[in-house]
1. Report yes if A:L221 is in the same structural domain as A:A158 (by TED's automatic domain parsing), under 22 Å from the mean Cα position of the chain (by Cα) and surrounded by 19 or more Cβ atoms within 10 Å (Cβ to Cβ), otherwise no.
2. Please tell me if A:F20 is at pLDDT 90 or above, at the interface with chain B (Cβ under 10 Å from one of its Cβ atoms) and not in a strand (DSSP E or B).
3. Could you pull out the residue among B:V13, B:V50, B:V21 that is among the hydrophobic types (A, V, I, L, M, F, W, C), under 23 Å from the mean Cα position of the chain (by Cα) and surrounded by fewer than 23 Cβ atoms within 10 Å (Cβ to Cβ)?
4. List the residue pairs whose Cβ atoms are under 7 Å apart, where the first residue sits in segment A:243-269 and is within 14 Å of chain B (Cβ to nearest Cβ), the second is of a type in the set (S, T, N, Q) and in a helix (DSSP H, G or I), and the two are 6 or more positions apart or on different chains.
5. Test A:T25 against the criterion of being free of Cβ contacts under 8 Å to residues at least 12 places away in the same chain, among the hydroxyl-bearing types (S, T, Y) and within 12 Å of chain B (Cβ to nearest Cβ), and give yes or no.
6. Return a yes/no flag: does segment A:38-45 have any residue that is over 20 Å from B:A117 (Cβ atoms), more than 9 Å from every other protein chain (Cβ to nearest Cβ) and of a type in the set (D, E, K, R).
7. Any chance segment A:93-100 includes a residue that's closer than 30 Å to A:L200 by Cβ and either surrounded by fewer than 19 Cβ atoms within 10 Å (Cβ to Cβ) or modelled with pLDDT of 95 or more (or both)?
8. Mind listing whichever residues of segment A:217-235 are among the hydroxyl-bearing types (S, T, Y) and within 14 Å of chain B (Cβ to nearest Cβ)?
Number of protein chains: 2
Amino acid sequence: MTPSFDLTAAPSVAPRAVFFVSDSTGITAETLGNALLANFPGARFERHTVPFVDSATAIESVERAVLRSAAAGEAPIVFATLKDAGIRARLAASATVVIDLLAGHLTELETALGATAETRAGQYHGLGDLEQYFRRMRAVEFAIEHDDGQSERDLASADVIIVAPSRCGKTPTTMYLALHYGLLVANYPLTDDDFPTDGLPRIVAPHADRCFGLTTTALRLSRVRHERRPNSTYSSLAQCTLEIRRAEDLYRRTHIPFLSSATRSVEEMSAVILQSMNLRDRPHERPLT
Amino acid sequence: MTPSFDLTAAPSVAPRAVFFVSDSTGITAETLGNALLANFPGARFERHTVPFVDSATAIESVERAVLRSAAAGEAPIVFATLKDAGIRARLAASATVVIDLLAGHLTELETALGATAETRAGQYHGLGDLEQYFRRMRAVEFAIEHDDGQSERDLASADVIIVAPSRCGKTPTTMYLALHYGLLVANYPLTDDDFPTDGLPRIVAPHADRCFGLTTTALRLSRVRHERRPNSTYSSLAQCTLEIRRAEDLYRRTHIPFLSSATRSVEEMSAVILQSMNLRDRPHERPLT
């Protein structure tokens with residue numbers, strides 16, 4: 001068989017080196033850096049993350065890596081989130097392209113607040129952390145216990161109960177909301193057994209006000225299920241079409257909000273659920289970082 | 001009892017309104033915005049997140065909220081990640097303080113790459129997403145199945161096995177690595193039963209090269225356990241001291257890397273584990289977003 005794409009069109013240039021350099025985890029630098037790079041779909045990148053750059057020794061090793069990479073090709077692109085001005089200056093001296101994701105905005109913020117930023121490498125960890133940690137831990141454990149309708153215990157405490165047919169994205173969305181927002185999230189599968197009746201499954205019905213439905217397209221569901229059980233009734237397009245139609249009918253009939261996971265990332269679904277269920281107004285509005 | 005802090009020193013000014021405005025989930029705006037605000041520990045903020053601002057209607061409602069808030073006190077601070085230049089211009093016209101986390105860096109990146117950014121609101125969702133989605137889903141399911149030593153099945157596939165005494169932070173760290181990096185992470189508890197012997201628990205011993213230990217301080221462990229079972233032997237300082245000493249001895253004797261969770265967030269622990277186990281070199285190096 002001839003491949004349907006043109007191999008001669010494959011890019012021949014070496015990928016551009018990208019460094020994410022941070023005095024903390026590097027997660028912010030990676031997240032924002034990747035969001036920026038995504039606007040250049042024609043370019044190829046070779047990514048390196050260097051977290052915990054908070055000392056002279058650490059910045060020296062970054063300098064060496066950047067210089068090595070510069071000698072091998074085009075100037076690497078460095079995304080930086082560094083609070084220490086001395087470390088920032090050393091990085092600026094060794095790399096041609098430094099995109100500083102922090103320092104400039106800190107100056108803007110100082111002007112807006114009329115206050116001086118109390119920058120220091122690393123982060124503060126006080127008692128607040130311990131409380132946040134308890135909440136996050138409890139949320140993750142609640143999510144594990146209540147995954148896929150495994151437990152009825154304490155379901156009344158749930159902030160959200162995600163309902164959907166198998167493989168519509170309940171579990172990753174549940175875990176994201178638990179881990180990042182400390183919310184108590186249960187999820188419950190809709191199976192064929194639920195559909196002779198008119199309402200929500202018996203166990204979740206008393207909590208209808210906290211239910212949120214997921215759906216997807218039959219084609220996508222069939223592909224996702226095929227990954228788990230190839231060539232089964234479960235993964236057939238006919239079965240997927242039927243289950244999705246029944247699920248959407250149920251959501252409409254019981255007036256529970258719902259959303260398609262077909263073209264949305266787990267982050268996007270979580271953001272919609274937070275918004276739709278008014279969970280942003282709660283004290284645990286902010287993502288836990 | 002008299003409180004040991006001075007109530008008269010409590011801040012009397014109203015908190016400053018902060019808006020995180022995004023054409024996508026708002027997660028990047030919140031993450032970086034909060035990282036910036038954390039440098040002003042003396043200030044108080046009232047935070048609002050407005051995701052999915054990708055239309056004239058959506059930006060109108062932001063304009064109204066910002067103006068309302070400005071009328072009530074000081075000019076609100078708006079952190080923005082908006083790709084559409086028209087929407088950005090409207091926001092700039094209605095808010096005094098807009099900290100643009102995206103547009104300026106996009107210009108820097110255009111210069112560095114010699115290419116024009118292909119910006120558009122929302123994100124691309126192609127086949128790549130489906131593969132990433134499979135990986136993330138499998139990782140979260142693996143983490144749930146292998147939480148707290150619940151299953152031996154397919155343990156050989158694990159990228160990392162986190163071992164630690166109860167309540168040192170195994171579960172949230174496991175879930176973070178699974179959800180954000182698509183890694184297969186198991187975790188296994190160290191109990192009193194494991195300590196008459198010299199080595200790792202029988203089930204994880206064959207995979208010692210992929211084991212990573214967690215520890216903490218006895219005081220913190222005692223407080224965390226107290227939350228679960230107050231005034232028990234389990235949460236006593238003596239028991240916690242003993243378990244931590246034994247666990248650290250075990251890590252040293254079996255040469256497995258370990259880390260204290262006492263002063264680290266889940267994100268920081270994940271970053272150290274990735275680094276220490278060389279998991280950043282894998283194809284799934286980048287955080288899934």
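1. When the stated conditions are applied, A:L221 passes them.
2. No.
3. Result of the check over B:V13, B:V50, B:V21: B:V50.
4. From residues that are within 14 Å of chain B (Cβ to nearest Cβ), the pairs are A:V266/A:T173; A:M269/A:T173.
5. Values: free of Cβ contacts under 8 Å to residues at least 12 places away in the same chain: no; among the hydroxyl-bearing types (S, T, Y): yes; within 12 Å of chain B (Cβ to nearest Cβ): yes.
Considered against the rule, which asks whether it is free of Cβ contacts under 8 Å to residues at least 12 places away in the same chain, among the hydroxyl-bearing types (S, T, Y) and within 12 Å of chain B (Cβ to nearest Cβ), A:T25 comes out as no.
6. Within segment A:38-45, not a single residue is over 20 Å from B:A117 (Cβ atoms), more than 9 Å from every other protein chain (Cβ to nearest Cβ) and of a type in the set (D, E, K, R).
7. no
8. A:T217, A:S222, A:S235
The values are calculated or read from the model by the stated rules, or taken from the named source; none is laboratory data. Small disclaimer: the values here were computed from a predicted structure and weren't measured. Reconstructed Cβ throughout: ideal geometry from the backbone, glycine too, with neighbour counts over all protein chains shown.
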